[in-house]
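S.K.: Following this message is one structure expressed as structure tokens.
Nothing in this text is a laboratory measurement; each read-out follows from the coordinates by a stated rule. Please read these numbers as outputs of a predicted model, since none were measured by experiment. Ideal geometry is used to build each Cβ from the backbone, glycine not excepted, and the neighbour counts take in all protein chains shown.
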């Protein structure tokens, strides 16, 4: 029986782990690019056991290693997990009162359990992705304007 994943506390890599992750992510990225397709990684462990890492897990592993290689904290959150308002705030890097405002405005769906609000991780991630896209688009427009005005950007 699988133990449910409930810990979303970020894990901060040590300086030694950062160095290893940086090197490993480059090698893994090169391997994936060389195949130019979704690939399964085969690992030989102790000369007699073979492990296969499927393409989806390989992609996640590469993302984890890249983030660790930059010294960033890592957290895995199952998309069907229900978050508290504080956990959602931590994931969005905003305050809890701001998350409550977003919920009241209907920008992120939620449900109430007694007096507590519960938010699906996938809804928080969907909101974050949409906001990030808007921010990136605005940044592109500002960059374009700065270039047109010869502001040195």
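S.K.: Which residue, 72, 93, 46, tops the fluctuation ranking in a GNM of the chain built on C-alpha contacts under 10 Å?
M.R.: It is 46.
S.K.: Sum -39500 (n - 2.57) across every DSSP H segment of at least 4 residues in the chain, then divide by the residue count to get the 222 nm mean residue ellipticity, nearest 500.
M.R.: Calculated at 222 nm, the ellipticity per residue is -17500 deg cm²/dmol.
S.K.: Give the order of 22, 105 when sorted by the count of other beta carbons within 10 angstrom, beginning with the fewest.
M.R.: 105, 22
S.K.: Next question. When a/c reaches 1.5 or more, the comparison of a/b and b/c decides; with that in mind, is the stretch 13-153 rounded, prolate or oblate per its Cα gyration tensor? Could the numbers behind the result be given before it?
M.R.: Details: a/c = 2.34, a/b = 1.29, b/c = 1.81.
Verdict is oblate for the stretch 13-153.
S.K.: Turning to a different aspect of this structure: Take 136, 110, 98 and order them by how many other Cβ atoms sit within 10 Å, fewest up front.
M.R.: Least to most surrounded, the residues fall as 136, 98, 110.
S.K.: Of the residues 21, 121, 138, which exhibits the maximal mean-square fluctuation in a Gaussian network model of the chain defined by a 10 Å Cα contact cut-off?
M.R.: 138
S.K.: With 10 angstrom as the radius, rank 116, 128 by how many other C-beta atoms surround their C-beta, starting from the fewest.
M.R.: Arranged by neighbour count, lowest to highest, 116, 128 become 116, 128.
S.K.: Something else now. Regarding the stretch 80-143, what's the average projected area of the Cα-atom convex hull, expressed in nm²?
M.R.: 4.5 nm²
S.K.: Using Cα springs under 10 Å in a Gaussian network model of the chain, which residue among 52, 88, 130 shows the largest mean-square fluctuation?
M.R.: Per the Cα network of the chain with a 10 Å cutoff, 52 tops the list.
S.K.: In percent, how large is the relative contact order of the chain, given Cα pairs closer than 8 Å and 6 or more residues apart?
M.R.: 21 percent
S.K.: If you don't mind, another one. Rg and Dmax of the stretch 15-69 over Cα atoms: what are they, in angstrom?
M.R.: 11.9, 32
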